[in-house]
Amino acid sequence: MKTLVVAAYLPELHGLPATVLQVAIGVGAIDAAAGMARALAEHAADRVLLVGTCGAFDGSGLAVNDLVVV
């Protein structure tokens, strides 16, 4: 089974082994949608894992380095 790991921009993929199929697809809804379509067309993955970074609102209860799974 072929897995594709995608993120908005390249630094978010830093540290993944070179054997992992990885693509930076772009920041923002339009760039990400176009980048994802291009990545799927080029790599024909069976499954996709989207990884990335984000901020948090004050009072959310989240701290630096917290992990959020959506």
May I ask you to compute the full-extension gain from GLU42 to ALA24, defined as 0.36 nm times their residue separation minus their alpha-carbon distance, rounded to one decimal in nm? 5.2 nm
Over the chain: helical MRE at 222 nm, DSSP H runs n ≥ 4 each giving -39500 (n - 2.57), nearest 500: -7000 deg cm²/dmol
Round to a whole number: what % of the accessible area of the chain belongs to carbon and sulfur, probe 1.4 Å? 62 percent
Heavy-atom accessible area per residue of the chain, all protein chains kept, 1.4 Å probe, expressed in Å², is 77 Å²
Relative to the longest principal axis of the chain, what angle (0 to 90°, nearest 10) does the C-alpha long axis of helix 29-43 take? 40 degrees
Report the gain in length on full extension from LEU67 to ASP31: 0.36 nm times residue separation, minus Cα-Cα distance, nm rounded to one decimal. 10.5 nm
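The values are calculated or read from the model by the stated rules, or taken from the named source; none is laboratory data. Everything numeric here is computed off the predicted structure, so don't read it as measured data. Each accessible area value is taken on the protein alone, full model and side chains, heavy atoms only, with ligands, DNA and RNA left out. Shrake-Rupley method; radii C 1.70, N 1.55, O 1.52, S 1.80 Å.
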